[in-house]
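The values are calculated or read from the model by the stated rules, or taken from the named source; none is laboratory data. Please read all numbers here as calculations on a predicted model, not as lab measurements. Neighbour counts run over all protein chains shown; Cβ positions are idealised from the backbone, glycine included. In case anyone asks, the SASA skips ligands and DNA or RNA and just uses the protein heavy atoms, side chains included. Shrake-Rupley method; radii C 1.70, N 1.55, O 1.52, S 1.80 Å.
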Amino acid sequence: MAGKSKLTQLDWIKGSFRSLAANGPQSLKAEVLARSMKVSKGSFYWHFKDIAALKKAMLDHWEELATHQIIAQVDAASEDPKERLYNLLEIAGVEVSEEYGAQGASSAIRNWSRFDDLARVYVSRIDDIRLGYVEQLFSQIPQTREHARLNSQTLYATLIGAEQLEPADAKACLLHALNLMLQRKRPTPV
């Protein structure tokens, strides 16, 4: 009983993301995860009915944390759509914490979606939500609807690609892309 209460469901989710980032989707197995977390499989089954339930919990958590919470944070910070775009890049460009597998986590989730139907559905839905949000921000800036759509797709594709770079380089790349799209530089704080 003591082993069951040591880890929380969130601990398992975080450990699963670390394993996914380090070892790929094939590592999402109760025994493999339990071994990497140095606990028994019983602890896993205390929190999850099966691996499918863990995978769904991981994807639900990722959608909330890396999409809905970021959008809410950006919306709360400013009314100006240009400033929201810059704030979005500041938040999205921050390195993923080690407890979730660091920079490898986002790429690992995309890779996972190539082999897993549920992950594919989530990644597609998350991409749609994120793209829709960015397009909404661009559409609030004077430009054609087509231009807003292309800018949102370009910025999002740049974000996905920039995940392969070191965090400082990724931020610089994203900022440069947004400056080109908006044809201005963000004022530097004094």
**OP:** Grab the eigenvalues of the alpha-carbon gyration tensor for the stretch 48-159, scale each by 5, take roots, and send me the semi-axes largest first in whole angstrom.
**Re:** 28, 16, 12
**OP:** Kindly sort 85, 159 by accessible area of their heavy atoms, largest first, with the probe set to 1.4 Å.
**Re:** 159, 85
Original post:
Roughly speaking, to the nearest percent, how much of the chain's 1.4 Å accessible area is carbon and sulfur?
Top reply: 56
Original post:
Taking the structure as given and computing Rg and Dmax of the Cα atoms in Å, which label from (i) 18.7, 61; (ii) 15.7, 44; (iii) 17.1, 61 fits?
Top reply: (i)
**OP:** Pull out the extension gain between residue 143 and residue 35, defined as 0.36 nm times the separation in residues minus the alpha carbon to alpha carbon distance; nm, one decimal.
**Re:** 33.5 nm
Subject >> Exposure rule at most 13 other beta-carbon atoms within 10 Å, DSSP loop trypsin sites (Lys or Arg not before Pro): the chain longest free segment >> reply: 115-183
**OP:** Treating the angle as unsigned and between 0 and 90°, give the value, to the nearest 10°, between the Cα long axis of helix 117-139 and the longest Cα principal axis of the chain.
**Re:** 20
Original post:
Accessible area of residue 37, 1.4 Å probe, to the nearest 10 Å²?
Top reply: 40
Original post:
What accessible area per residue comes out for the stretch 47-117, rounded to a whole number of Å², with a 1.4 Å probe?
Top reply: 48
Original post:
So how tilted is helix 167-182 from the main axis of the chain? Cα-based, degrees 0 to 90, rounded to 10.
Top reply: 40
**OP:** Report the local net charge at residue 14: Lys and Arg +1, Asp and Glu -1, summed over other residues whose C-beta lies under 10 Å from its C-beta.
**Re:** -2
**OP:** Return the distance in nm (one decimal) between the two label points of a simple spin-label model at residue 99 and residue 166, each offset 7 Å from Cα along Cα→Cβ.
**Re:** 2.7
Original post:
From largest to smallest, what semi-axes in whole angstrom does the stretch 1-52 give when each is the square root of 5 times an eigenvalue of its alpha carbon gyration tensor?
Top reply: 18, 10, 10
**OP:** Report, in degrees rounded to the nearest 10, the 0 to 90 angle that the Cα long axis of helix 81-92 makes with the longest principal axis of the chain.
**Re:** 30
Original post:
the stretch 108-190: Rg/Rh from Cα coordinates, Kirkwood Rh?
Top reply: 1.04
